[in-house]
Amino acid sequence: MKILFILSVLIITCKLSNAQQTQTNEGGAVPVAQNAPAPMTAADSLNLAIANAKTAFNDIRKLFAKKSDTMLIVIPQIEYDNSSLAQLKESLKKVKGVRSVTSHYTTATATLEIAYKGQPTDLWDLLPADIKAPFKVTELGATNITLLCKQNPRIVQ
């Protein structure tokens with residue numbers, strides 16, 4: 001609701017600021033500057049107001065946009081009841097700065113969604129060595145960590 005109000009005010013302001021200023025005398029309306037460019041048509045004024053409104057809307061959207069502070073830990077080829085997975089999840093909940101840990105399990109792939117403002121490498125480094133030992137890091141991205149469970153017989157160590 002607030003965004004609609006702000007957007008409406010911006011459109012009205014743009015429309016008013018784009019209106020050609022004229023000076024009135026006895027003979028009628030006369031442009032302020034004698035060497036002024038051709039008068040702006042209503043269509044030109046509307047197009048300019050729409051362009052300004054789009055720019056203002058994008059600026060407002062960027063201002064209120066929430067920075068993503070969620071990262072994923074993906075562990076393919078792991079059993080749902082794997083004790084190492086449960087220990088990893090509980091250990092992640094105890095790390096300072098972690099606000100929540102949500103787990104998903106689909107087609108032998110565990111996905112842990114973690115609300116944490118730091119980098120994935122920092123989070124991984126904060127975990128105790130005994131919690132990290134059963135896993136092999138295969139990818140450390142900007143918002144994700146991919147692990148393989150070393151206990152899985154298909155993985156060559």
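The C-beta contact set for segment 97-111 (first residue more than 15 Å from Q77 (Cβ to Cβ), second residue in a loop (DSSP other than H, G, I, E, B), distance under 8 angstrom, 6+ apart or interchain) comprises G97/Y116; G97/K117; G97/G118; V98/Y116; R99/Y116. Within segment 48-88, the set of residues being of a type in the set (A, V, I, L, M), modelled with pLDDT under 85 and part of a helix (DSSP H, G or I) comprises L48, A49, I50, A51, A53, A56, I60, L63. Looking at this structure, is I3 modelled with pLDDT under 70, of a type in the set (A, V, I, L, M) and part of a helix (DSSP H, G or I)? Yes, satisfied.
The values are calculated or read from the model by the stated rules, or taken from the named source; none is laboratory data. If you're wondering where the values come from, they're calculated on a predicted model, not measured in any experiment. All Cβ positions, glycine included, derive from the backbone under ideal geometry; neighbour counts span all protein chains shown.
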